[in-house]
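Nothing in this text is a laboratory measurement; each read-out follows from the coordinates by a stated rule. Quick caveat: nothing in here was measured; it's all calculated off a predicted structure. As a convention, Cβ positions derive from the backbone with ideal geometry for all residues, glycine included, and neighbour counts pool all protein chains shown.
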Amino acid sequence: MLQRILGCLLLTTLSICCMGQSKSREFYELRIYSYTDSSQERVLDGYLEKALIPALARRKVIHVGAFKAISNDTGKVKTLYVLIPYSSFAQSADITRALAKDAAYQSAGSGYLDAGFATPPYTRMQSIFLEAFPMAPVALVSRLKSPLADRVYEL
């Protein structure tokens, strides 16, 4: 009997919490770039800063996160993470098609996009698609006021 009461209470609580959740869930693309030297890092940084993130902003994709290890990382292979939020799964494909036609993006990202086989901008790139949790349908931007370069995040 106690289990039934607790079960009903849990279901009631969950349904009350979910009633206020009218927003649709976001989708995320997590890109993981692996690189080994400073020239690859410069190409990736330039691509993100001057081409990809501004092109996404022009298409109303904001709050893109780019994260990499602190400078004292001694590993041979370095990793850079890029988290891109989308309002729908289809928006990802739409943006990919739009970027292929975007002259400003193509020009600003030419060092990355036109890199030759002998000088690749990374050694490995993974792309992982995720859907937000039902109880947390959209990501919240950090309210910290410290400089972005001083922040440390752990995985």
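Overview of values
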read-out	value
Filter result for L113 (surrounded by 14 or more Cβ atoms within 10 Å (Cβ to Cβ), of a type outside the set (K, R) and within 19 Å of L30 (Cβ to Cβ))	no
Where a residue in the range 32-43 is farther than 13 Å from T119 by Cβ and its partner, wherever it lies, is in a loop (DSSP other than H, G, I, E, B) and of a type outside the set (S, T, Y), with Cβ under 9 Å and at least six apart	Y33/P121; S34/V77
In the range 114-150, the residues that are over 26 Å from G46 (Cα atoms) and either of a type in the set (V, I, T) or touching a Ser or Thr at 6+ places or on another chain (Cβ under 7 Å) (or both)	P137, V138
Pairs, first free of Cβ contacts under 8 Å to residues at least 12 places away in the same chain in the range 134-155, second among the aliphatic types (A, V, I, L, M), C-beta under 9 Å, six or more apart	R151/L144
Within the range 88-135, considering residues that are outside any helix (DSSP H, G or I) and polar (S, T, N, Q), the one farthest from L56 (Cα to Cα)	T119
Cβ-Cβ under 8 Å pairs, at least 6 apart or on other chains, the range 47-69 side without any contact (Cβ under 8 Å) to a residue 12 or more places away in the chain, far side among the basic types (K, R)	A69/K78
